[in-house]
Amino acid sequence: MSWDFSTEPEFERKLEWMRTFVREQIWPLETLWGELGWEGLRQAGRPLQDQVKEQGLWAAHLDPELGGQGFGQVKLGLMHEILGSSPIAPLMFGNAAPDSGNSEILAMAGTPEQKDRYLHPLLAGDLKSAFSMTEPETAGSDPTLLSTRATRDGDGWVVNGHKWFSTNGSIADFLIVMAVTDPDARPHQRASMFIVDADAPGVKVVRDVATMEHPDESFGNYGNHAEIRYEDVRIPKDALLGAEGAGFLIAQQRLYPGRIHHCMRWLGVARRAFDMLCERSLYRYSHGTTLGKHQTVQNWIADSEAEMQAARLLTLHAAWKMDAEGVAAARKEIALIKFYGAKVLHDVVDRALQAHGGLGYSTDLPLEAMYRFARGARIYDGPDEVHRASVARQVLRGYEAPADGVPTEYIPARREVAQRQFAEVLEAVTAND
Ligand SMILES: Cc1cc2nc3c(=O)[nH]c(=O)nc-3n(C[C@H](O)[C@H](O)[C@H](O)COP(=O)(O)OP(=O)(O)OC[C@H]3O[C@@H](n4cnc5c(N)ncnc54)[C@H](O)[C@@H]3O)c2cc1C
């Protein structure tokens, strides 16, 4: 089957609009983010969000009946590549994580009432949400170990558990919480998803966890990661999202397209760092010439260009496969780009930072922030090792162990077979000797 990542000229015009808009309207705002804080950023962003809506590009990941564009993954990927160049651009386009993934969950699994109460205001930008799955006490890499429990209580449920790294948890109006509803069920049918209002009694946001990306202690900022205790949180029956026991199924549906968007956004970051690397190579003079004429720096440029191109094509291929054959068919391709894309992002940013020396290490350039951001990519949405293992498992399904324990390519055995197969020729050749 041939692959086709092309898009129609009309969409290319939209991408061009996005490139200019992001560079001219959003990049400048980045430098004021610290002073503005979350509320200021929200205010400054409103006129920008209006322009995005006028272009018909708001919340484009959703189906048209929900105000999205039903673009499919290839187009969304190309769009995310542009938005990824700025940490605040996705917010201006109504597709910032985790709201984007949460809106997909609500669109997919929500009842009409849940959509009215949560999804529509979320899409309008009137509500914020968080996805609350990872726990400090259990391995996030193996979510079948989750310990947060939701037990039936009369007509509703009571949730008890301890979560952390719930991104935007401290500014969220509601949280989508993954909790075990049947500990005796098969591992992937034990958990369910619930919508929990952030102001429900018993929801205790303990703190925002300071991280490598945001090392200063702060609370209630956009992009922070909250530690939350759920203590006897009573929620009604209709807080259940989707079917009981369908938590993992829904999570997978959310995470697969999300990974394509992550990878394309990382390429946007990598490209911005790469542009800085190339610019630096042309003017920084050392040891008799500019950096771009030293072979090591040339290698950095060539390797980065090749790796970004490889990651881009791998990601677009995964997106195309998902569009053409569905989520399940693209599982291997998506796992592949998750760890490969994270490495490319890291390596390109690292080279760009190195080429800038002390300036690259300083906060006068965005490279050190990109570097800290890049490190997280190897962990969230499943660490590298889990995705590598998944790729290897899927690849190995296409192979069989030799029944006799002898490698298929074992030359002595192959020679014996070949001697029988070509016996006549061999005899003729030997007779001529
Ligand atoms: C920036 C950021 C944002 C996040 N946002 C959210 C969010 O919004 N909501 C949410 O619920 N969670 C979120 N997380 C949490 C994230 O999903 C988890 O950190 C991740 O799944 C890993 O789980 P863990 O931290 O418990 O690490 P562990 O599961 O304890 O794993 C630690 C390490 O063990 C190794 N390891 C694990 N399994 C294997 C294996 N099978 N083979 C080999 N090595 C292995 C890996 O090196 C791994 O890094 C976020 C994390 C980060 C960093």
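The values are calculated or read from the model by the stated rules, or taken from the named source; none is laboratory data. All values derive from a computational prediction rather than experimental measurement. Ideal geometry is used to build each Cβ from the backbone, glycine not excepted, and the neighbour counts take in all protein chains shown. Ligands, DNA and RNA are excluded from the accessible area calculation, which covers all protein heavy atoms including side chains. Shrake-Rupley method; radii C 1.70, N 1.55, O 1.52, S 1.80 Å.
Here are a few things to note about the model shown:
- The residues of segment 65-114 expose, per residue, 26 Å² of accessible area to a 1.4 Å probe.
- Over all directions, the projected convex hull of the C-alpha atoms in segment 294-405 averages 10.0 nm² in area.
- Under 13 Å from the Cα of Lys332 - aspartates and glutamates, other chains or at least 8 residues apart: none
- Segment 96-148 - convex hull of alpha carbons, volume per residue in Å³: 102 Å³
- P(r) for segment 348-413, from all Cα pairs and a bin width of 10 Å, is 17, 24, 19, 16, 14, 9, 1 %, short bins first.
- Where segment 367-430 is the region considered: accessible area per residue in Å², 1.4 Å probe: 76 Å²
- Principal-axis analysis of the Cα atoms of the chain puts helix 9-21 at an angle of about 60° to the longest axis.
- Partner lysines for Lys338 [C-alpha distance under 29 Å; skip if fewer than 8 residues away on the same chain]: Lys14, Lys75, Lys128, Lys163, Lys321
- Volume of the Cα convex hull of segment 247-294, divided per residue and given in Å³: 75 Å³
- Against the chain, whose longest principal axis is taken from its Cα atoms, helix 99-109 shows a tilt of about 90°.
- Using a simple spin-label model with pseudo-atoms 7 Å out from Cα toward Cβ, Ala401 and Arg372 lie 4.9 nm apart.
- Subtracting the Cα-Cα distance of Gln252 and Arg393 from 0.36 nm times their residue separation leaves 49.0 nm of extension gain.
- Each label point was placed 7 Å from the Cα along the Cα-to-Cβ direction; for Glu35 and Lys343 their separation is 4.2 nm.
- Averaging over all projection directions, the Cα-based convex hull of segment 155-233 occupies 6.0 nm² in the image plane.
- The simple spin-label model puts a point 7 Å past each Cα toward its Cβ; for Ala302 and Asp142 those points are separated by 4.4 nm.
- Dipole of the chain, positive direction: furthest Cα of Leu282, Val269, Ser390, with charges on the beta-carbon: Leu282
- Over the chain, volume per residue of the alpha carbon convex hull, in Å³: 214 Å³
- Dipole in debye (nearest 20) - segment 152-273, about Cα centre, beta carbon charges: Lys, Arg +1; Asp, Glu -1: 660 debye
- Three principal axis extents of segment 1-59 based on alpha-carbon atoms, in descending order, are 51, 21, 20 Å.
- Distance cut-off 25 Å, percentage of C-alpha pairs in segment 194-350 lying past it: 56 percent
- Convex hull (Cα only) mean projected area of segment 162-282, reported in nm² to one decimal: 9.8 nm²
- Summing Cβ point charges (Lys, Arg +1; Asp, Glu -1) relative to the Cα centre of the chain gives a dipole of roughly 440 debye.
- Gyration tensor verdict on segment 1-132 (Cα atoms; rounded if a/c is under 1.5, prolate if a/b is larger than b/c, oblate otherwise): oblate
- Considering segment 55-178 at the alpha-carbon level, its Rg and Dmax are found to be 16.0, 49 Å.
- Projecting the Cα atoms of Ser166, Gly156, Tyr230 onto the charge dipole of the chain, computed from C-beta unit charges around the Cα centre, puts Ser166 farthest toward the positive end.
- Accessible surface of Glu217, taken over heavy atoms with a 1.4 Å probe and every protein chain present, rounds to 150 Å².
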